[in-house]
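See below for the structure under consideration.
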Amino acid sequence: MIHLAGPALLVAVLAGAGVYGVLARRNAVLVLIGAELLLAAAGVLFVLGTALPAGGLGSPGLLDPTISARPADPLVSGQVATIMLITIAAAEIGLALAVVLLLFRARATSDLTAVRELGEASPSYTDHPDAVTGGSLP
Amino acid sequence: MTALDVVFALFASTAAAGALLAVTSRHVVHAALWLVLALGSLAGVYLVLAAEVVALVQVLVYVGAVVVLVLFALMLTRAPIGVRADLDAAPGRRRVAAVAGLATSALIGGTLLAAIGSTAEVPAGDGTASALGSATFTGWVLPFELLSVLLLAALVAAIAISRGRDADTPGLDDLAPGGTADRADPGAGSAAPAPAAAPAPATPAAPSRAVGPDGTS
């Protein structure tokens with residue numbers, strides 16, 4: 001039995017840190033770390049939703065503590081949603097890191113401010129990034 | 001203030017500190033490791049919130065797989081070792097980002113606190129494996145199957161993206177029976193334009209594609 005204000009504050013801090021990370025970072029992988037933090041905040045919020053009484057934030061049990069009837073949710077919606085969210089986040093980061101790797105191969109940098117435009121017509125595009133980085137790329 | 005409150009406060013403050021350090025660290029690898037700390041203590045938070053299976057999945061997928069992926073990506077993109085000043089944007093933009101982050105925190109936290117009020121308590125949860133398993137495979141079975149398709153698509157797409165355009169390895173369109181001429185990239189190695197209708201056997205310019213899959217040798 002813990003108070004629900006703690007998880008709510010944690011969600012707020014994680015989401016704020018995620019937004020800051022996405023906006024303030026230049027390295028593409030670090031931007032993805034911010035996105036992961038945002039998704040983690042969403043997961044905590046889903047589990048927090050499971051912990052709420054039936055009816056969620058609009059339930060009468062929240063306003064009137066004498067009403068404590070909480071019919072069990074047989075579908076455990078919030079927790080299943082969190083597991084699916086974690087799966088989607090894993091798929092997302094796998095794909096996003098592949099894109100970052102492709103960006104690094106084509107431009108020899110993962111600095112997002114250095115890549116102003118995408119596409120092969122842009123001046124920073126190179127077909128031979130080996131010549132730029134001076135070595136064999138992964 | 002129960003014992004669970006204390007445990008939750010420990011895990012939550014660790015997670016929050018790890019998250020803040022992960023987005024502010026000037027050291028690339030340290031940022032990824034702070035992310036490990038944040039996500040790992042989030043698993044503890046899930047445990048306190050009586051979501052056992054979610055905590056296990058969090059440890060398996062996030063701490064185990066996602067962070068390893070991030071570290072690999074840092075290695076493969078030749079992330080700089082040591083403290084670097086160029087990881088963050090310009091100070092002006094950082095200030096804007098901090099304002100946006102604080103505003104998001106205030107908005108979400110304020111809304112949730114106002115909605116939850118001061119009366120709610122976490123009831124004893126039912127996050128056991130059996131409850132979650134039967135929920136997943138009865139009510140949530142269609143989203144579950146969709147997720148498996150999504151994972152497969154992401155896997156194939158990640159391979160297809162990161163494979164690049166290698167000259168030596170045959171691409172997907174090389175494997176298609178009869179059609180190799182669709183790739184108009186000048187960077188590909190075997191630059192001899194394959195004839196458009198290419199059931200023809202092994203042109204000398206492309207010795208690596210000797211036998212077509214349609215059996216014409």
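Read the figures in this text as sums done on the coordinates, not as results from a lab. Keep in mind the model is a prediction, meaning the values are calculated, not measured. When we count neighbours, we look across all protein chains shown, and the Cβ atoms used for this are built from the backbone with ideal geometry, even at glycine.
Worth a mention:
- Span from the the range B:21-59 Cα centroid across to the the range A:4-28 one, whole angstrom: 13 Å
- Theoretical FRET efficiency, 1/(1+(r/R0)^6), r = Cβ-Cβ of residue B:98 and residue B:7, R0 35 Å, to 0.05: 0.70
- The residue among B:76, B:34, B:60 whose Cα reaches farthest toward the positive pole of the charge dipole of the range B:28-115, with charges on the beta-carbon of Lys, Arg, Asp and Glu, is B:76.
- The HN-Hα couplings worked out from phi for the range B:10-15 by the Karplus form 6.51 cos²θ - 1.76 cosθ + 1.60 (θ = phi - 60°) are 4, 5, 5, 5, 4, 5 Hz, whole numbers, x standing for Gly and Pro.
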